[in-house]
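The block underneath contains the structure these notes are about, expressed in structure tokens.
The values are calculated or read from the model by the stated rules, or taken from the named source; none is laboratory data. All of these numbers come straight from a predicted model, not from anything done at the bench. We place every Cβ from the backbone using ideal geometry, glycine too, and count neighbours over all the protein chains shown. Areas reflect the complete protein model, heavy atoms only, side chains present, ligands, DNA and RNA absent. Shrake-Rupley method; radii C 1.70, N 1.55, O 1.52, S 1.80 Å.
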Amino acid sequence: MIRVLAMAVGLCLGSGAWALDDPVTRLDDPMGSGMWDYHQVRLLGDPADIRFDDRVILRAPATAEDSLNVPLLVDATGIDNVRRILVFADYGPIPHVLTYYPEQAQPRIGLRFKIDQGTAMRAAVETHAGQWFVGSTYIDAAGGGCTAPAHAYASDDWEEKLGEIHGRLWAASGRARVIVDHPMDTGLADGIPVFIIEELQLETEDGTVMARLELFEPVNEDPAFSLYFEPGTLPASLRVTGRDNNGNRIRGVLGGGETH
Amino acid sequence: MRPTRRHLLGALAAGLAAPKAFAQARHVYDLQPRSIGDGLWMIEGATEHFTDANGGAIVNIVLARGQTGLILIDTGPSRRYGEALATLARRLDLRGVSAVVNTHHHPDHFFGNQVFADVPILALGETQAAARAEGDGFSDNMYRLLGDWMRGTEVVPPTRALDGGSQLIDGRRVEALPLGGHTVADLALLDTATGTLVGGDLAFLDRAPTTPSADLPCWLGALDALESVGAAQLVPGHGPLDRAGRAVAQTRAYLGWLDTTLREAARAGLDMVEIMQHPLPPEFAGMGAQPQEFQRSVAHLFPEIERMELPRGN
């Protein structure tokens with residue numbers, strides 16, 4: 001009996017640092033972050049076919065000047081057949097920022113988010129064939145972005161502006177820019193429950209989905225996105241539709257109209 | 001004298017000890033006053049961003065002789081900096097500092113205040129309020145940026161409100177110009193005796209202007225007001241003494257370019273990250289703290305500008 005136990009202990013020791021959270025496919029994280037394995041398993045569902053790949057490019061300032069509004073540009077146009085892109089932070093009370101389904105758009109997106117501390121940022125790209133490609137960058141930050149109350153409550157007309165849309169299409173360059181007014185409350189500020197846009201999409205007048213987004217708490221207040229299409233292929237206008245977690249509908253139209 | 005083995009060993013020991021002494025002396029400010037008029041001195045800061053190497057000594061300070069001591073205009077980024085100023089002031093005038101003025105509420109201009117808590121600390125009323133409201137937040141960030149340089153620094157907002165117009169501060173005649181645009185309230189002071197205008201951060205020279213609290217149209221208006229004073233010389237908030245009107249002209253040109261660039265970028269549908277990587281025109285690329293300051297300005301100003309420029313979608 002003692003010998004069997006000793007053998008069992010020996011086996012465990014012999015297998016090294018094995019743990020429940022170990023991913024199926026072990027990667028060498030270029031950021032050397034302590035959270036990577038955890039997110040690979042919990043957030044990405046522990047896919048077997050996964051690797052870090054320089055073709056997934058994240059561009060952001062090295063330091064977050066405004067922790068409530070950190071710009072990030074994710075470019076996976078070097079990867080074919082993209083189904084979705086998950087954007088997340090290694091360190092933060094709520095890691096998952098958003099998931100982008102490019103549909104008819106290029107796998108490239110500009111966004112802004114709230115950062116809570118210096119952290120590796122990731123974009124995990126899944127193809128329709130189930131392969132995963134991951135890119136990273138590091139952003140330094142003073143912190144506090146996720147736990148501060150929204151600016152909106154400093155003015156008393158935020159309810160009137162809720163769901164207000166600004167934006168435009170640029171057909172020649174294939175760009176779409178959309179900004180939706182919304183507090184995007186994370187639920188982490190004292191006494192303010194979660195209040196966020198959960199779904200947002202661009203569609204043609206006949207209802208064809210051109211691109212869609214799932215948003216989570218870390219997306220910035222008044223979410224602002226740049227989406228990119230093949231130059232010259234955009235129709236004259238696109239509908240913006242979506243909803244928040246309180247059931248408010250978001251509706252608007254982006255056109256090629258004059259800027260102010 | 002022939003060097004003996006003991007001399008050699010002694011020299012060797014001194015050599016080994018030197019790095020330690022240097023490390024202990026690391027958090028000491030070396031402030032050099034320069035006379036810029038009768039009873040008037042300026043301490044010129046580095047035209048950089050806050051770094052561990054400069055200890056936050058990036059700001060210009062002015063000392064003016066009053067009736068009972070020296071009037072100190074702005075107090076630097078930390079308690080240690082304030083102490084270095086107090087020592088320096090006693091070297092220039094045995095009576096030391098008799099009054100303090102803060103031009104505005106940014107941390108590099110008033111975080112030395114605690115050293116001078118026994119004399120009046122004057123500022124515009126809105127500067128007092130802004131220092132109370134935002135001081136702790138600034139403090140967190142300054143400790144993060146400068147570490148041990150900040151040890152013991154506590155936020156002491158200005159204690160007395162100063163009105164605009166002709167004033168006597170410790171017996172010295174000044175014209176106080178209550179302006180704004182760099183922040184909610186920016187004070188410029190004209191020293192009547194020497195014709196020197198202390199511009200605060202309304203005017204920068206060869207150092208990129210900072211915009212975390214900026215209102216560009218208001219700031220451009222304030223620059224017109226500074227120019228109309230027609231002062232013999234101007235001490236900018238950051239950068240060298242200016243006797244040729246360069247600081248106001250350069251700050252005006254830069255802010256105008258910044259506003260135009262951001263509006264055009266919004267109209268072209270550019271993302272913030274794309275704008276931050278724009279190359280700067282040659283006349284602004286060589287300013288101190290570039291391109292970091294431009295990138296910070298994109299973060300400060302672009303979201304608001306973009307909302308104004310883009311059409312409504314519902």
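Looking across the stretch A:244-260, the residues that are of a type outside the set (Asp, Glu), more than 14 Å from chain B (Cβ to nearest Cβ) and touching a residue at least 24 places away in the same chain (Cβ under 8 Å) come down to A:245, A:246. Evaluating residue B:168 against the criteria (1) open to solvent by 20 Å² or more (accessible area, probe 1.4 Å); (2) more than 19 Å from residue B:55 (Cα to Cα); (3) part of a helix (DSSP H, G or I) leaves one unmet condition, (3). Among residues of the stretch B:40-67 being part of a strand (DSSP E or B) and either open to solvent by 10 Å² or more (accessible area, probe 1.4 Å) or in contact with an Asp or Glu (Cβ under 8 Å, 6 or more places away or on another chain) (or both), the one that is farthest from residue B:194 (Cα to Cα) is B:61. The single condition among (1) open to solvent by 10 Å² or more (accessible area, probe 1.4 Å); (2) within 14 Å of chain A (Cβ to nearest Cβ); (3) among the polar types (S, T, N, Q) that residue B:297 does not meet is (1). Counting the residues of the stretch A:233-260 that are closer than 20 Å to residue B:271 by Cβ, part of a loop (DSSP other than H, G, I, E, B) and open to solvent by less than 60 Å² (accessible area, probe 1.4 Å) gives 4.
Suppose the filter is open to solvent by less than 10 Å² (accessible area, probe 1.4 Å), part of a loop (DSSP other than H, G, I, E, B) and either modelled with pLDDT of 95 or more or farther than 23 Å from residue B:37 by Cβ (or both); does residue B:157 pass it? Here the answer is no, as residue B:157 does not meet what is asked. Report whether or not residue A:40 is out of contact with any Phe, Trp or Tyr (no Cβ under 7 Å at 6 or more places or on another chain) and more than 23 Å from residue A:171 (Cα to Cα). Answer is yes for this residue.
A count restricted to the stretch B:302-314 and to residues that are open to solvent by 20 Å² or more (accessible area, probe 1.4 Å) and either more than 9 Å from chain A (Cβ to nearest Cβ) or in a helix (DSSP H, G or I) (or both) stands at 4.
Looking across the stretch A:179-202, just one residue is crowded, with 18+ Cβ neighbours inside 10 Å and on the phi > 0 side of the Ramachandran plot, and that is A:184.
Here's the yes/no breakdown for (1) away from chain A (no Cβ under 14 Å); (2) in a loop (DSSP other than H, G, I, E, B); (3) more than 26 Å from residue B:251 (Cβ to Cβ); (4) open to solvent by less than 70 Å² (accessible area, probe 1.4 Å):
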position	(1), (2), (3), (4)
B:130	yes, no, no, yes
B:144	no, no, yes, no
B:152	yes, yes, yes, yes
B:183	yes, yes, no, yes
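Cβ-Cβ distances below 8 Å connect the following pairs, each with a first residue in the stretch A:158-179 that is free of Cβ contacts under 8 Å to residues at least 24 places away in the same chain, a second residue that is in a strand (DSSP E or B) and open to solvent by 10 Å² or more (accessible area, probe 1.4 Å), and a separation of six or more residues or different chains: A:164/B:312; A:166/B:312. Considered as a group, the residues in the stretch A:208-232 that are within 22 Å of residue A:86 (Cβ to Cβ), in a loop (DSSP other than H, G, I, E, B) and at the interface with chain B (Cβ under 10 Å from one of its Cβ atoms) include one that is nearest to the chain's Cα centre (by Cα), and that residue is A:220.
Only one entry in B:99, B:89 is outside any helix (DSSP H, G or I) and open to solvent by less than 10 Å² (accessible area, probe 1.4 Å), namely B:99.
When the residues of the stretch A:66-90 are filtered to those that are more than 20 Å from residue A:44 (Cβ to Cβ) and open to solvent by 10 Å² or more (accessible area, probe 1.4 Å), the one that is farthest from the other protein chains (Cβ to nearest Cβ) is A:77. Of the strands (runs of 3 or more DSSP E) lying entirely inside the stretch A:41-147, those containing at least 2 residues that are of a type in the set (Val, Ile, Thr) span A:70-75, A:82-89, A:96-101, A:119-127, A:132-139. When the criteria are applied in full, residue B:191 fails the requirement of being open to solvent by less than 30 Å² (accessible area, probe 1.4 Å), of a type in the set (D, E, K, R) and within 20 Å of residue B:105 (Cβ to Cβ).
Taking the stretch A:1-22 as the range and being assigned to a loop (DSSP other than H, G, I, E, B) and either at pLDDT 95 or above or open to solvent by 60 Å² or more (accessible area, probe 1.4 Å) (or both) as the test, the residues that pass are A:1, A:15, A:17, A:18, A:20. Between B:177, B:202, B:197, the distinction of being touching a His at 6+ places or on another chain (Cβ under 6 Å) and either open to solvent by 60 Å² or more (accessible area, probe 1.4 Å) or in a strand (DSSP E or B) (or both) belongs to B:202 only.
Results for (1) within 14 Å of another protein chain (Cβ to nearest Cβ); (2) among the small types (Gly, Ala, Ser); (3) touching a Leu at 6+ places or on another chain (Cβ under 8 Å), shown as yes or no for each residue.
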{"residue": "A:26", "(1), (2), (3)": "no, no, no"}
{"residue": "A:29", "(1), (2), (3)": "no, no, no"}
{"residue": "A:32", "(1), (2), (3)": "no, yes, no"}
{"residue": "A:35", "(1), (2), (3)": "no, no, no"}
{"residue": "A:40", "(1), (2), (3)": "no, no, yes"}
{"residue": "A:43", "(1), (2), (3)": "no, no, yes"}
{"residue": "A:47", "(1), (2), (3)": "no, no, no"}
{"residue": "A:54", "(1), (2), (3)": "no, no, no"}
{"residue": "A:61", "(1), (2), (3)": "yes, no, no"}
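One residue stands out in the stretch A:155-178 among those that are surrounded by 14 or more Cβ atoms within 10 Å (Cβ to Cβ) and small (Gly, Ala, Ser): the one that is nearest to residue A:256 (Cα to Cα), namely A:171. Residues that are open to solvent by 10 Å² or more (accessible area, probe 1.4 Å) and either within 14 Å of chain A (Cβ to nearest Cβ) or closer than 29 Å to residue B:63 by Cα (or both) number at least 3 in the following helices (runs of 4 or more DSSP H) confined to the stretch B:214-289: B:216-229, B:246-267.
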